[in-house]
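Worksheet for the structure shown next.
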Amino acid sequence: MELTRERLLDAYRRMRRIRAFEEKLAELVTAGRLAGFLHLYAGEEAVAVGVAAHLGDRDHFASTHRGHGHCIAKGVEVRGMMAELFGRSTGTCKGKGGSMHIADLSKGMLGANGIVGAGIPLAVGAALTAKVKRTGGVSVAFFGDGASNQGQFHEGLNLAAVWKLPALFVVENNGYGEATPTEFVTPVRDIAARAGSYGIPGVIADGMDFFDVFEKAGEAIARARAGDGPTLLECKTYRYFGHYVGDNLAYRSKEEAERWRQQRDALEGFERRTAGEGWLESGALRAVDAEVASEIEDAVRFAEASPFPEPAALLQDVYVSYEET
Amino acid sequence: MARELLFVQAINEALHVAMASDPDVVVLGEDVAGGGGRSDQGIEEAWGGVMGATKGLYSAFGAERVRDTPISEMGFLGAAVGAALTGLRPVVEIMFIDFLGVAFDPLLNQAAKLRYMFGGRARVPLTVRTVTGAGLRAAAQHSQSLYGMTAAIPGLKTVCPSNPADAKGLLLAAIRDDDPVVFCEPKSILFSKGEVPEGDFTVPLGKAALARAGSDVTLVGVGRTVHVALEAAQALAAEGTSAEVVDLRSLSPLDGDAVLASLARTGRIVVIDEAPPRCGIAADVAALCADRGFDLLDAPVRRVTAPHAPVPFSPALEDLYVPTVARVLAAVREMG
Ligand SMILES: Cc1ncc(C[n+]2csc(CCOP(=O)(O)OP(=O)(O)O)c2C)c(N)n1
Ligand SMILES: [Mg+2]
């Protein structure tokens, strides 16, 4: 796929939207305006957006507890997301899911997920649907380095590989699962190496570089669409905030975090590259920044002005149909 | 001597006592050392568990006995069963009870059944510590009270303390017990305080506690709902109704005698549980009263539980989901 000016601006807008959304959430929680367990995606924007840039509504994403970025990259509206986080009836899930369960099937977003690794087989299932029903769709599972130690990862990859499903497995290796460094619990340095066990390609991308993710995801997605089966794409990345908002970060040094922010930031890298190549001028990017900022403010206003669900909602949608006497 | 500790500190103290008194006790779980031992970064102790329950264990007992696991519940719970079968006494932390979903086989088909299937020629001295319950805006996959499910499995024991002293005493008893025990820590009271005896002390498994004496109605609670019951009892006292509060503490074995003895004193009983109503602890206690206490009942057994629904995220809905004092009072009043 060619990166036209429109596509580049769109990618930047999505990355900026993720960053601004997450920074706003950190602010809201710290100010006591928002409750719940929030796992922020800031720092990892290039991964979700680099993959999403190839996809449309017939393609699926399955996500994780750190799901806001995947939702935004896939085109889920921030108003509904914000209202969901505030537990309002106007939320993407009518306030019943919260941060770890934001989903929007109309956008091909199969949901954030509270269970580490659980999105992987869901994406495999969506790829099965695509294959059986010949939709032409591709299904992407995002998950962390930590999740690659779950049975659902291994079982899911094996299944997708033997069935040659149109799937892409994107492991976001940010060096930690909660407080535990990856090397304490994962014996291979590159998780991409695990692809070998399933006879599928394992590819490594710089998860802080939109262009690298875009290129490698593009190859994998083309393979999947062509019927050649799944790929495991490992994106080396870093989360800027703690595991969740409120994490004391006792397990990592300040210097480490500073290094990533200052030397590897995905948005800054994108700007350097697009300016250097003469693709986008900084004025255009600043205009996007301003639009995104007001979009996020609008989303907060919308959420805070929205009503909470009615009490009856408590018992609605447990089933499609169920009668007990 | 007793002093005040948080529930989570009482658990931490029990773990220290258990590890110090028995070299076979090992602690496994995600972040139990919490990324401790990174001397390269000057980090020795980091989290000590997401709730802090395992703080200091890594420094005190070392990396051999305090192990940060991969996020592989099926693997490390299964390994703990194998280790228990062969001479260790593992204490496994399953961060939230909801995560048993990905690790059920080791508990359901292994830990619970090996002794029986092996003709009694095996022991599985395993303790599974896990956090339960709603009320923290953690939504449907981090808020369940699944102890009824484990209590329903023959071969497993299940306990759920309501206060720091019982947390310490029951945990030590669970670790030293030769059967597999699921130890539930209600997250809504993990950071509440209470007096806790110092040193080595146990609370026997299978024994309920009388949390408050009364004569008109029995309120049965488990974990957090004991506090709901106590508050309701106080409100009822103001209206001239004397309520007795039974803290089940142990769900399997269940102290049926204690429940029936209280029912004999009051003739009326309300069971309060955070879990949904079907096939759970409240239903179990109601069945016990119907089976063995029918003649003692002056009114039908009442249950105050969560609805038959997942736990909603929205604070507005979650507050309606969990049993409240108001609902207990309404149930008592309806009994006449
Ligand atoms: C089955 C299961 N086990 C444990 C957890 C608790 N938990 C939530 S996120 C997380 C760490 C995940 O690490 P990783 O997969 O690397 O993703 P990251 O948070 O780094 O994005 C853990 C242990 C969970 N939600 N589900
Ligand atoms: Mg990680």
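Listed conditions (1) open to solvent by 20 Å² or more (accessible area, probe 1.4 Å); (2) closer than 19 Å to B:Thr132 by Cβ; (3) not polar (S, T, N, Q) are all met by B:Val271, apart from (1). Restricting B:Pro23, B:Pro70 to residues that are farther than 24 Å from B:Gly133 by Cβ and within 16 Å of ligand 2 (Cβ to nearest atom) narrows the list to B:Pro70.
Of the residues that sit in segment B:199-231 and are under 13 Å from B:Val332 (Cβ atoms) and not small (Gly, Ala, Ser), which one is surrounded by the fewest Cβ atoms within 10 Å (Cβ to Cβ)? Break it down into steps so the answer makes sense when it comes.
At the first step, the residues of segment B:199-231 found to be under 13 Å from B:Val332 (Cβ atoms) are B:214, B:216-220, B:228-229, B:231.
Adding the requirement that they be not small (Gly, Ala, Ser) leaves B:216-220, B:228, B:231.
Working: B:Asp216: 18, B:Val217: 28, B:Thr218: 28, B:Leu219: 33, B:Val220: 32, B:Val228: 24, B:Glu231: 16.
Looking at the filtered set, the residue picked out is B:Glu231.
Highlighted here are the helices (runs of 4 or more DSSP H) found entirely within segment B:269-336 that include at least 3 residues which are within 14 Å of chain A (Cβ to nearest Cβ) and of a type outside the set (S, T, N, Q): B:315-321.
Scanning segment A:68-89 for residues that are more than 12 Å from every other protein chain (Cβ to nearest Cβ), assigned to a loop (DSSP other than H, G, I, E, B) and buried (at least 24 other Cβ atoms within 10 Å of the Cβ) yields a single hit, A:Lys74. Screening A:Leu8, A:Leu38, A:Leu55 for residues that are among the aliphatic types (A, V, I, L, M), farther than 20 Å from A:Arg225 by Cβ and part of a loop (DSSP other than H, G, I, E, B) leaves exactly one candidate, A:Leu38. For segment B:93-120, residues that are in a loop (DSSP other than H, G, I, E, B) and within 12 Å of ligand 1 (Cβ to nearest atom) total 1. For segment B:99-140, the candidate set comprises residues that are within 14 Å of another protein chain (Cβ to nearest Cβ) and either touching a strand residue (DSSP E or B) at 6+ places or on another chain (Cβ under 7 Å) or open to solvent by less than 10 Å² (accessible area, probe 1.4 Å) (or both); within that set, the residue that is farthest from A:Ile115 (Cα to Cα) is B:Pro106. Hey, among A:Tyr176, A:Tyr198, which residue is farther than 25 Å from A:Gly43 by Cα and surrounded by 19 or more Cβ atoms within 10 Å (Cβ to Cβ)? After ruling out the rest, the residue left standing is A:Tyr198.
The number of residues in segment A:120-165 being away from chain B (no Cβ under 12 Å) and assigned to a helix (DSSP H, G or I) comes to 18. Say whether the condition of being open to solvent by 20 Å² or more (accessible area, probe 1.4 Å), outside any strand (DSSP E or B) and either within 24 Å of B:Ala138 (Cα to Cα) or touching a strand residue (DSSP E or B) at 6+ places or on another chain (Cβ under 6 Å) (or both) is met by at least one residue in segment B:232-241. No, that holds for no residue.
Looking across B:Pro90, B:Pro70, one residue alone is open to solvent by less than 60 Å² (accessible area, probe 1.4 Å) and not in a loop (DSSP other than H, G, I, E, B). It is B:Pro90. The listed residues are A:Ala161, A:Ala126, and the only one of them that is surrounded by fewer than 24 Cβ atoms within 10 Å (Cβ to Cβ) and farther than 16 Å from A:His70 by Cα turns out to be A:Ala161. Checking the structure you have, find out if any residue of segment B:76-85 is within 16 Å of ligand 1 (Cβ to nearest atom), more than 23 Å from the chain's Cα centre (by Cα) and open to solvent by less than 40 Å² (accessible area, probe 1.4 Å). No, every residue in segment B:76-85 fails to be within 16 Å of ligand 1 (Cβ to nearest atom), more than 23 Å from the chain's Cα centre (by Cα) and open to solvent by less than 40 Å² (accessible area, probe 1.4 Å).
The values are calculated or read from the model by the stated rules, or taken from the named source; none is laboratory data. What you are looking at is a predicted structure, and each value in this text was computed from that prediction instead of being measured. A quick note on method: Cβ atoms are made from the backbone with ideal geometry, for glycine too, and the neighbour counts reach across all protein chains shown. Side chains included, ligands, DNA and RNA excluded: accessible areas come from the protein's heavy atoms. Shrake-Rupley method; radii C 1.70, N 1.55, O 1.52, S 1.80 Å.
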